[in-house]
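The values are calculated or read from the model by the stated rules, or taken from the named source; none is laboratory data. The structure presented is a predicted model; accordingly, all values stated were derived computationally and were not measured. Here the Cβ is made from the backbone with ideal geometry for all residues, glycine too, and neighbour counts use every protein chain on show. Surface areas here come from the heavy atoms of the whole protein model, side chains and all, with no ligands, DNA or RNA. Shrake-Rupley method; radii C 1.70, N 1.55, O 1.52, S 1.80 Å.
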Amino acid sequence: MAAALPLAVLLLLLLGPVGGGHAEPPRDTLREELVITPLPSGDVAATFQFRTRWDSDLQREEGERITLEKDNCHLLVSHYRLFPKALGQLISKYSLRELHLSFTQGFWRTRYWGPPFLQAPSGAELWVWFQDTVTDVDKSWKELSNVLSGIFCASLNFIDSTNTVTPTASFKPLGLANGTDHSFLRYAVLPREVVCTENLTPWKKLLPCSSKAGLSVLLKADRLFHTSYHSQAVHIRPVCRNTRCTSISWELRQTLSVVYDAFVTGQGKKDWSLFRMFSRTLTEPCPLASESRVYVDITSYHQDNETLEVSPPPTTTYQDVTLGTLKTYAVYDLLDTAVINNSRNLNLQLKWKSPPATGALNRGLVFAEAPPVPFLYAQRYVSGYGLHNGELNTLLYNTHPYRAFPVLVLDTVPWYLRLYVHTLTITAKGKENKPTSRPPAVLLAPVGEPHIPTARLPLLSPSVLSALVPSVVAAKPVDWEESPLFKSLYPVSDSSSYFVRLYTEPLLVNLPTPDFSMPYNVICLTCTVVAVCYGSFYNLLTRTFHIEEPSTGGLAKWLANLIRRARGVPPL
C-alpha cells in the first residue's frame, strides 16, 4: 500500500487535472522552414531550419522536476515534449550557455553563390560557451566533446588541447549573456572529418517529427549527399521569453544547407523541382509545428536574359533586407489548406524561360538584374618555393561601393607547423599594415578602401572571418520572433550593418619530409651485406669436408708414367 501511493500520485500528475480543470498550455513550440535560392550558375541552394523553443530554465531544473517525498523516498520525473532529452541533459549537466556544432562536406563559394545564411568550415566545427559557475572548463570541454561524439556518431573525441583554442573576439555569444569572459569559451575544428549518413541519421532523430512528416520528409540521405555542398548544424542558445526579458527560454536550431549542381546530379538542366532535388514531395506539415513554410527567392538573379517562373503560384510574398540586399520571397504556408491540394502533394517547380510579358513582370516572379557581388569574400593559396620557404596567403576582397570596414581574422596554427611571426605582412592598397596582435591570436586589420579590393595576409588555413558589413539598403526594424528563421539567428540592433562570418578554403600544406631515396639505398646496401655475410657463415657452418684418398691409378696413370720415363721425369 505504501509503494502504491507514490505511483498513484505520479499518474495523477502526469495525466493532469480532471473534473473541469484546464490543461496547461504547451511550454514548447516548433517552427520549420525551407528556403530555396536559385544560384546564378544554374545551381540551386536549399536551406532547412527547424527551431524548437522551450520555456524552461534547464540550469535550475533538468526538464520539469517533480519530487515526491514519501518514507524518505524521492522520485524524479522529467518532461520532454519537443526538446530532445539528450541535449537537455547536456545543458544541465555541463552548465552550457551556448553550443554550436556543424558537420560540413564541401566549400561554400561565396564569390559565385553569394553570402550564405550560415556558413561552416569543411569537416567538424564545435564551439561552446560555458556558464561562469564551471570550475574546470577544460575537463568539461573534454567530456562534452566525447559525449557529442557518441550522440552524432562523429570523431569529436579527437578534440584535445592540441587543436583547441580560446578566441578573444571572433566568437561572441549569440543568445543572452551576462558577460563575455572568453575563458569560458572553447573552439575546435576537425577539417579531416568525413560527413556521411551516420551523422545525418542522429541529427534527424532530434527533430520532433523525425523524418515522418513536414519538411523533414525531404531529408533523403542519398539525395542530400549527392550534392556539391552539404552542411548540417545544431545551435543551442538562451533567448528572451518576452519583450522585457524577465524569463529565459532555450532555443534549439537545427539547420541543413545543400547546393545541387546540375552537372553533379547528372541532369544538365537548369529547371528544378522538389522531386528532382529530393526525390520526394511535400504531403503534409508536421502536426507538432506551429509554423511550416517554404520560401523561394524570386529576386536579384539573371541568366542569359532568361526569367524564372515558380509554380504553383504563391499565395503571398515576403520582402525584406537580407544580408544587406533587398530580396523578395514567394511564401508557401503548409498549414494553409489551400497550399496542399486535394491530392496532398506539393511539388514546387522552378523553370527558366524567355523574357515574359509585362503582366508576368507585375507579378514579381521575374529576376530583373544580375546577382550582386558579395561585399566581403576571401581566397587562399600557397606560394613560395621549396618546402622550407613556402608562404600561406589569404586574399580578402572588399567590393563595397563607398565603405571600408575592419575584419577579424582567426587562424588556428597546429603544433607541428612553425610560422615565423616576423614574416607576417598585411598589404592593402599597396601599403603594409601592422596587425594589432600576433597569430594564432586574432588579427584585426582593415580590408582596404572602397574599390581597392584585396588585402593579403600570409596565414594558415582554415581562417574565420568575422565582420560587420555596411549595408547599402537600410533595414526596417522587425520583430525577430515573427520574422523568418533565416533572419533571426544573428539579430543586430543597428540597421545600417549586418554581421557576416565566413570561412576560407582548407589548404593542404606540404611539410618538409626526408628524401625517401636514401632509405631505399640503405635498405639495398643492408640487404646485400646481410646476404653476403649470412651466406658465407651459413656455407661455413653447413659444409661437410672430406679427405680424398689417393687412388691406385689405371691405364691413364700407366701411360702417363711411361711418357714421363721417356722424358726422364720421375713417375707419379
Using the basic label-point model (7 angstrom from Cα toward the beta carbon), what is the Arg81 to Lys139 distance in nanometres?
3.8
Heavy atoms of Met518 accessible to a 1.4 Å probe, total area in Å² rounded to 10
130
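Accessible area per residue of region 187-293 at 1.4 Å probe, in Å²? Don't skip to the end; give the middle numbers.
Values: 4350 Å² over 107 residues.
Ligands and nucleic acids excluded, the figure is 41 Å² per residue.
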Amide H contacts under 5 Å for Leu424, placed H, 5+ residues apart
none
Within the accessible area of region 118-177 (1.4 Å probe), percent carbon and sulfur:
51
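Return the FRET efficiency for the residue pair Glu482, Lys220: r is the Cβ-Cβ distance, R0 is 35 Å, and the value is rounded to the nearest 0.05.
Taking R0 as 35 Å, the efficiency between Glu482 and Lys220 is 0.65.
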Checking rank on 502-511, 323-332, with mean other Cβ inside 10 Å and highest first, the result is 323-332, 502-511
Of Ala177, Leu200, Pro167, whose Cα points farthest to the positive end of the dipole of region 160-204 (charges on the beta-carbon: +1 Lys, Arg; -1 Asp, Glu; origin at the Cα centre)?
Ala177
Amide H neighbours of Lys172 under 5 Å, at least 5 residues apart or on other chains, H built in the peptide plane: list them.
none
With +1 on the Cβ of every Lys and Arg and -1 on the Cβ of every Asp and Glu, and nothing else charged, how large is the dipole of region 103-194 about its Cα centre, in debye rounded to the nearest 20?
420
J(HN,Hα) series, region 315-321, from Karplus relation 6.51 cos²θ - 1.76 cosθ + 1.60, nearest Hz, glycine and proline x
7, 9, 10, 10, 10, 6, 8
Residue-level accessible surface for Asp138, protein heavy atoms, 1.4 Å, Å²
90
Rolling a 1.4 angstrom probe over the protein chains, ignoring ligands and nucleic acids, what is the accessible area of Tyr80 in square angstrom, nearest 10?
50
Nitroxide proxy distance, nm - points 7 Å out along Cα→Cβ at Ala531 and Glu432:
5.7
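Using a 1.4 angstrom probe with every protein chain in place, what is the largest-first accessible-area order of Phe516, Phe275, Phe117? Could the numbers behind the result be given before it?
Values: Phe516 145, Phe275 115, Phe117 40 Å².
Largest to smallest exposure gives the sequence Phe516, Phe275, Phe117.
Go ahead and run the numbers for FRET between Thr29 and Thr316, Cβ-Cβ distance against an R0 of 25 Å, rounding to 0.05. Don't jump to the answer; show the numbers that get you there.
Working: r = 21 Å, r/R0 = 0.86.
The calculated FRET efficiency here is 0.70.
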